[in-house]
Structures are given as structure tokens and as C-alpha cells.
Number of protein chains: 2
Amino acid sequence: MRSLAVNGRRYRWPARPTVVVCVDGCEPEYLNQAISAGSAPWMASLNGRATCLTADCVVPSFTNPNNLSIVTGTPPSVHGIAGNYFYDTEARAEVMMNDPKYLRAGTILAAFADAGAKVAVVTAKDKLRTMLGHRMKGICFSSEKADRVTRAENGIADAMALAEMPLPPVYSAELSEFVFAAGCALLERERPDLVYLSTTDYVQHKHAPGTPAANAFTAMLDRYLARLDALGAAIVLTADHGMNAKTDAFGRPNIVFLQDVLDRWHGPDATRVILPITDPYVVHHGALGSFATVHVGNGLDPAALCRRIAELPGIDSAMLRVEACRRFELPPDRIGDLVVVSERLTVIGSRVDRHDLSGLDAPLRSHGGTSEQQVPLIANRSAPDLPTRRWRNFDAFDLALNHLA
Amino acid sequence: MRSLAVNGRRYRWPARPTVVVCVDGCEPEYLNQAISAGSAPWMASLNGRATCLTADCVVPSFTNPNNLSIVTGTPPSVHGIAGNYFYDTEARAEVMMNDPKYLRAGTILAAFADAGAKVAVVTAKDKLRTMLGHRMKGICFSSEKADRVTRAENGIADAMALAEMPLPPVYSAELSEFVFAAGCALLERERPDLVYLSTTDYVQHKHAPGTPAANAFTAMLDRYLARLDALGAAIVLTADHGMNAKTDAFGRPNIVFLQDVLDRWHGPDATRVILPITDPYVVHHGALGSFATVHVGNGLDPAALCRRIAELPGIDSAMLRVEACRRFELPPDRIGDLVVVSERLTVIGSRVDRHDLSGLDAPLRSHGGTSEQQVPLIANRSAPDLPTRRWRNFDAFDLALNHLA
């Protein structure tokens, strides 16, 4: 049987249209609660005849590192994307890590396209599109800019006609629905061999599993997945990360403003706290997540600082770069001297005055830490000879192409 | 001002009727979601004028150790109750740890009663009553056996008349409502100085925060707390432990059957796995929690076994007794040679055939690990000079008597 090796792993040629779905912020409980509430009849029908694993995502449990892990089948130590945002020590500047120049591995999608497969990618926000579609021949566009596609840039000229719905606002559940609507239409019209669909976690940042808006989102997801299933696709669903409440019982955010703490300890220029959740769209989470890196100035002992940070209330763990790279498989040149992870109900901020929380119209829910590492890894077919191992979300293409019946 | 020293801590004499409430399994998110949904108007009214802390409970995050910690103001290393259930190495038998003979510290309640205070305790299940009321002069009864109280045994002859509701079934939300109904009537009729009310987590084991049944339970709680507040009581609310989903996305329980694993490794008599969640009422959780202890037979190296267990998928950490006692403040003679804690979405079982899961009519939710350690610590008054420290749920009486305005 024909197969392709990509980044040291081997993938079988798709025997049927194969769709990998990354549902942003899909804590397993979103699906469980929607199934329990009767909102996801198709998913409910999978129990017993299909595949349901709980997998570990990449930490930091953020969108960019995990989407790139899924499409390359590798951890960030290989593909290089360790956050949405980082301090480029060569350029001496804090920059977005969403330029393909930071990517150190090719994608499974591009490799299959090069080998002659018909490949399509639809993502909610445009920030991911250029990296997901890097050097990929085929269709690749975002809901966000679906009205501005060109055949040269996106491999398609009429993305708006596909979805049959108006262009949604960037902060909306519909931005994700557009991904599925377009994905279903693409499958019908183009019969691609390989499809990657990636949504946004706008709903998950606001609504807890089992609440009406969350169940409505999962119901929408369920309807489109049922349609893809009926079209004969092999489907694997996973998530870039989970999602947890980050508040006290009154709904007020639990925040450790780490740069303020470090400034009090060592003065304003001794350390630089980087929050890799930062991206151009922070209204719904205020750039507050459960993971930070710290660049430590000359004069300071990183190990001693690490021990002191680990003792702060709300902090789960603090570790030196070498330990963080070993434990989380991160690229050492793309993180700081320290990595700090907060507890499940707590986020890490920089300075109080650097966070605009005025856009938070619901109690904060967020991600980034090890508490959001567990995600669903589900398929619509059985996997008869599944090896017993620690499954990762970046095994999604391996599961889809190598293990499904 | 008059004060009392109990177990090395000093408590001021109650200036007004003071009620400490332990809401079993009250993950902070239950309150936050109910407030957001408009189901808890009284709690919503506290934000800004009252006190809301997030505290750490005792690990193992089970009912008995935490209730005894709250009423003694001490960790299990002092009061001796390290679980609901343990292997008594002297008696060479697995026994319930709910007999007052296992208690190594007096309660704050008993000390105040001895000093002349009028004290009342109402708890949902009778399993806790004898320990909570140990050597305490005053009123002490359970909802479960409210129809069988005597003045000699319970300090009250007409518990059923207090609550003005029928005796509820042991597996019901009403068993907890009865606690509050009786507590409110007691406050009105007896004007006690100190009241301790402790519920059962039947609802929390079945229903996630923000779902209709969970919000209805919190709404009930909110109504009774408002009534206690209107009666002039100082109220502190905390929880014995949090609660998390322990399932995959399809709602199937994630279980590590640890005794089966150890039997495969070392034969059937080499180790003994104890699940300290075990109690006479296991229908709603199947005796499955996120904490286990292991007694290791002669011939086996505990440290090597520990390292091997820690590598099992679903296990968060495994540690030797000395480390567990240091980290969780446990009594060394009441736990095994090893302590094992599972990940947030996973529980630890013994042998497959020892767990009856037929009573689980909803996807498993449970507790026991560090992932359920964070609980609310709330008061209906402000606390103007609150020290910055790691708050514990067993600081509830300290907060109520020493810090509230």
C-alpha cells in the first residue's frame, strides 16, 4: 500500500476522503455534556462502534503550537512554534510567532499535496492560515477572510459561495460554523483526499460545558460531522487544547500578575515575562492564560528565581528551560529562561496595567497549562488494532490514515 | 475579648450566631455558574461587599478527612482521619474510618460547647454525625436519621418538626436541603452561638456546574443562606472538596484498575490497593476516586514500584509515604506505603470485578486528587485585614470568628 513519510513518521495514502477536525478549546466535557443533554445525536451514535481516546495536547496548551503539531505530526521541538507570541532574542523584539519563517518542519498536508493528493484546509481565523497552508498546493482559506480569497493565494475563487452563509464577525460562533459549512461543501464538490478544518474557541472561552450556548455549539458541530460522515468521509476530531474556568466562586478572575511580582522583587528591568497566548484577538481572554515564560537578566540566578516563583499562590510549577524543553518537547531558543505554569483555576498576567479586561463580558475561562492538556481524539470508525500508548492530539493524522477500519 | 484555644489555634467567642457551612463537592464553578445564570441572587449580591477566597482542601479530597479538618481546624496529621476507609495494619483489616476512636483531636465545636456556647450540628449522612459530634454537648443529628433522634443521643427530640419536610431518601438533593431547612429553624428557635451544617454531594456527582439540576441545587442553597443572613448570622461557606468529570468525551469513565495492574506485575498477594473514597454509600460514584494508597509486601522495593506506577497513563503522581505525609500533612500510620493520585479526568479503581458501576446512571464525576483541591471559602461579611496566605478550607472557623467585620 502506498504511503508517505513526513517528519519521520509514515502515513498511508487516504483510502477515502479523510477529514481531520481541530475544535479549538474542546475540553472533552463539552462533548460529554452535549451528548448527555441529547444535543449531539450523531456523536452519541458513535459510542460502541467508533473510536474515543483521551489524548494529551502540547503544552503550552495554546492554538498555534497545537495546530502546527497536528498538521506536522510533531512536537514543537521539531516544528518550532512554541506559542502564539515570543521574545525573539536575535531581533530583540516581542513578536507574533505566526509567520511561516518560524516553521521548521513541513506539514503532512503539503507532503500529500506534493505527492498528488487533493488537499483542502479551512480555518476560522486568518492568523493560522499562512502557517497551515505553508508550501501547500491546494485550497486553503480562513472564514475570517473568505470574502477576499483568490485562486492564486487560496486555490479557490468562490469561498463565500461554498458556505452559503454571510461572512461572520471575527468574535462569533458563526466563524467556526462557516468552517464546517465550507468544509462540507468542499467535500461534496471537490472530493478532496485530505481535509483539515480548524475552528476558534470564542464560544469555549465564554461558556462552560453543559450550558445552553455550549450545547448549541456542539449541536452545530454534530450536524456538520453527521453530514461529512454521510458523505463517506473518515473523520478524526481532536482539539488544540482544553478549557477551564479561571475564576473564584464569584466569577472574578484569579490572576498572578507575574511581571509586577518580579518587578517588586528585582526592579523593573531585571526580567521579561512573555505571555505566549497573546495574539491580535485577545478581547475574549484578555491575553490571560496559564502559561508564561520568563527571560532573566544577567545578575539573577534563574534556579533561585524558579524556586521562589513556584511558591507563589496560584502557581502550579516553575522550571528551568532545560527541564521545560525535556518535559514539554519545546524548542529551547523559542522560550525564555524559565517556564511558569499556573494552577487549574488561575491565569498568569504580566503587569496589571497591560491587560484590558473590559472586553470580558463573562467570567474568564482560559487555557495554556497542563490542566488543559487532555483533549478528545475521536474517530467515526473503529480502530481494531490500536496500540496502547500515550496518545497525543498530533497523532490525529496517524489515527486517521493508519489505524481506522 | 474572650477567646478559646483549640488544637493550638485561638478563636474569638462568637459575637453573633455564626454558621459554618460545608457544601459537599462544591467546586467553585457551581457557584459561579449559578450566579451567572441568575439562579443565586443572594450570592450575587455578596460580590463587592463580602469575602470570597479560593482555598485548598485536604488531599485526599474526600468527605471525612475534610469535614474533620474543618471542625478541628487542623490537617489529618493532627486529627488522624486520612480517608473514609483504610487498612488497619494492627487489626489487619480494611475498615471504615468513621468511628470516633480514630479521632486524635477535639473539635472546635466541642470546645466552645464545653466553654458554655450553644452549639448545633446538622449533617446529611449519619456516617459523619458521630465524629462531628464527638464529645460535644449540644444538638447534633443527621438528615438521614432525623426521624430517630433522641434528646440523650442528639440533644433534640423533634428534628422532623424543625425542617417541615418529609424525611428524604439517602440518595437525593433533598437530603442536603433538609440540613439547611433544619439549620434555619434551629437558628430561629434556639439562637445557637455556633452552627455547623454539612451536606452530601449526591447532586455534584451527577451534574456538572451550570447544568439545570446543578443550578437548581445552588438556587436552593442560595435561598436558605439568604434566610440565615436575614436572621443576622455570620456565615462562612466552604467545601470538603471540588468535583471533576472523570470520563472521556463519550462519557465513559477513565479508570486505572490499579490492583489489576499490580497483580499482573507482581502476583495477587504482593500488594494491597486501598481506595479511601469507599464508604457505605457508593452507588453514585462506584467507589471510584482520584486517590489510592498501596500497601507493599516484603520482597518489593516501594521506590521502584512508585516510579513505575507514576508512568501509567492517567496517573498524575505516585509517592512514598514520607513524601505524601510531608506534602499532604497525613498521619503516616493511616496510609499505605505509597500514595497514588490520578489525573483530573481519571479515577483509580482496585480490581475490575470489585466495582459495581450499574448504579452510575450519569457519566462519572468524582474527586479525591489534587485536581479537586480548590474550593470556595466565602463569607457574608467583609474581612478588612485579611492576611495574605495560603487559605485552607479548615480555616473556615478562623475566618468566621477571627476575621469578619
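Points to keep in mind about this one:
- The number of residues in segment A:47-65 that are over 21 Å from A:M319 (Cα atoms) and buried (at least 24 other Cβ atoms within 10 Å of the Cβ) comes to 2.
- Residue match in segment A:280-300 (condition: among the polar types (S, T, N, Q), more than 22 Å from A:Y30 (Cβ to Cβ) and more than 28 Å from the chain's Cα centre (by Cα)): yes
- From A:L377, A:L360, residue being among the aliphatic types (A, V, I, L, M) and modelled with pLDDT of 95 or more: A:L377
- Sole exception among (1) more than 9 Å from chain A (Cβ to nearest Cβ); (2) more than 22 Å from the chain's Cα centre (by Cα) for B:V341, by number: (2)
- Segment A:291-304, residues that are in contact (Cβ under 8 Å) with a residue 40 or more places away in the chain and either in contact with a Lys or Arg (Cβ under 7 Å, 6 or more places away or on another chain) or over 17 Å from A:N254 (Cβ atoms) (or both): A:T293, A:V294, A:H295, A:V296
- When the residues of segment A:236-270 are filtered to those that are touching a residue at least 12 places away in the same chain (Cβ under 8 Å) and farther than 27 Å from A:P363 by Cα, the one that is farthest from the other protein chains (Cβ to nearest Cβ) is A:D269.
- Criterion violated by A:R389 - all others in (1) farther than 25 Å from A:D229 by Cα; (2) touching a residue at least 24 places away in the same chain (Cβ under 8 Å); (3) not polar (S, T, N, Q) satisfied: (2)
- Looking only at segment B:363-405, residues that are part of a helix (DSSP H, G or I), touching a Leu at 6+ places or on another chain (Cβ under 8 Å) and surrounded by 22 or more Cβ atoms within 10 Å (Cβ to Cβ) come to 4 in all.
- Within segment B:40-57, the set of residues being more than 9 Å from chain A (Cβ to nearest Cβ), assigned to a strand (DSSP E or B) and aliphatic (A, V, I, L, M) comprises B:A55 only.
- Here B:Y87 meets the list (1) over 17 Å from the mean Cα position of the chain (by Cα); (2) over 16 Å from B:T293 (Cβ atoms); (3) not in a loop (DSSP other than H, G, I, E, B) almost entirely, failing just condition (2).
- Selection within segment B:24-39 - more than 10 Å from chain A (Cβ to nearest Cβ) and either within 25 Å of B:T123 (Cβ to Cβ) or acidic (D, E) (or both): B:D24, B:G25, B:S39
- Any hit, segment A:99-112, residues being farther than 22 Å from A:L401 by Cβ and among the β-branched types (V, I, T): no
- Test: residue in segment B:314-323 that is part of a loop (DSSP other than H, G, I, E, B) and either more than 26 Å from A:M243 (Cα to Cα) or not assigned by TED's automatic domain parsing to the domain that holds B:R104 (or both): yes
- Those helices (runs of 4 or more DSSP H) lying entirely in segment B:182-272 with at least 1 residues more than 26 Å from B:G368 (Cα to Cα) and hydrophobic (A, V, I, L, M, F, W, C): B:212-230
- Out of A:Y202, A:Y196, one residue alone is under 17 Å from the mean Cα position of the chain (by Cα) and either over 18 Å from A:L225 (Cβ atoms) or without any contact (Cβ under 8 Å) to a residue 12 or more places away in the chain (or both). It is A:Y202.
- Annotation: A:C57 fulfils all but one of (1) farther than 29 Å from B:N244 by Cα; (2) in contact with a helix residue (DSSP H, G or I) (Cβ under 8 Å, 6 or more places away or on another chain); (3) at pLDDT 95 or above; (4) not charged (D, E, K, R); the unmet one is (1).
- Hits in segment A:202-213 - residues which are under 21 Å from A:M165 (Cα atoms) and modelled with pLDDT of 95 or more: A:V203, A:A213
- Of the residues making up segment A:107-131, those that are surrounded by fewer than 18 Cβ atoms within 10 Å (Cβ to Cβ) and either touching a residue at least 12 places away in the same chain (Cβ under 8 Å) or β-branched (V, I, T) (or both) are A:D114, A:A115, A:D126, A:T130.
- Any hit, segment B:236-244, residues being under 30 Å from B:D126 (Cα atoms), in contact with a Leu (Cβ under 6 Å, 6 or more places away or on another chain) and in the same structural domain as B:K125 (by TED's automatic domain parsing): yes
- Only listed residue being part of a helix (DSSP H, G or I) and assigned by TED's automatic domain parsing to the domain that holds B:D193, chosen from B:V95, B:V71, B:V122: B:V71
The values are calculated or read from the model by the stated rules, or taken from the named source; none is laboratory data. As the structure is a prediction and not an experimental result, all values here were calculated from the model. Cβ: placed from backbone, ideal geometry, glycine included. Neighbour counts: every protein chain shown.
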